[in-house]
Amino acid sequence: MVEKPWGYYRILRTDDISQVKHLYVNEYSRLSYQSHKHRAEHWFIVSGMALVTIEDEKSVLYPGDSIDIPEGIRHRIEALHQPVEFIEVQTGTYFGEDDIVRYEDDYNR
């Protein structure tokens, strides 16, 4: 488990072309508004109500909903009135944490 200021994540599986993570976002917390140069992501909401921002467009996702985030697209997920759990499937050529371009961050990273 990797603890973050917004919650935590666990890596469930990694290979040459994909990585699968389970993420837990604390109530009223959000990840940075970010993009990635070397990977796309697919999010599947497991629990909670998530406010998702994709290129400045906001939508609400519920358990069972999913969304695709292409490589290079700005995105963010936020837990509203309760924690959010989701599965993130990353596909691409590189999955390191240094492949994050941050545009806004509540935690000054």
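The values are calculated or read from the model by the stated rules, or taken from the named source; none is laboratory data. These figures come from a predicted structure and were not determined experimentally. Side chains included, ligands, DNA and RNA excluded: accessible areas come from the protein's heavy atoms. Shrake-Rupley method; radii C 1.70, N 1.55, O 1.52, S 1.80 Å.
Largest first, the residues PHE44, PHE95 sort by 1.4 Å accessible area into PHE44, PHE95. With contacts taken as Cα pairs under 8 Å at a separation of at least 6 residues, the chain carries a relative contact order of 35 percent. Solvent-accessible surface (1.4 Å probe) assigned to ASP16 amounts to roughly 140 Å². Counted over the chain, the DSSP beta bridges are approximately 100% antiparallel.
For region 1-26 versus region 56-108, the spacing of their alpha-carbon centroids is 12 Å.
If HIS42, HIS81, HIS75 are ordered by their accessible area, calculated over protein heavy atoms with a 1.4 Å probe, which sequence runs from highest to lowest?
Largest accessible area first, the residues go HIS81, HIS42, HIS75.
For LYS37, a cut-off of 21 angstrom between C-alpha atoms picks up these lysines, skipping any fewer than 8 places away in its own chain: LYS21.
With a 1.4 Å probe and all protein chains left in place, how much accessible area per residue does the chain have, in Å²?
Working: 5860 Å² over 109 residues.
Here the per-residue accessible area is 54 Å².
Here the accessible area of the chain is 51 percent carbon and sulfur, with a 1.4 angstrom probe and all protein chains present. Which option, (i) 15, 52, 32, 1; (ii) 16, 51, 29, 3; (iii) 13, 47, 32, 7, 0, is the value of P(r) over Cα pairs in 10 Å bins from 0, in percent that was calculated from these coordinates? Matching entry in (i) 15, 52, 32, 1; (ii) 16, 51, 29, 3; (iii) 13, 47, 32, 7, 0: (i).
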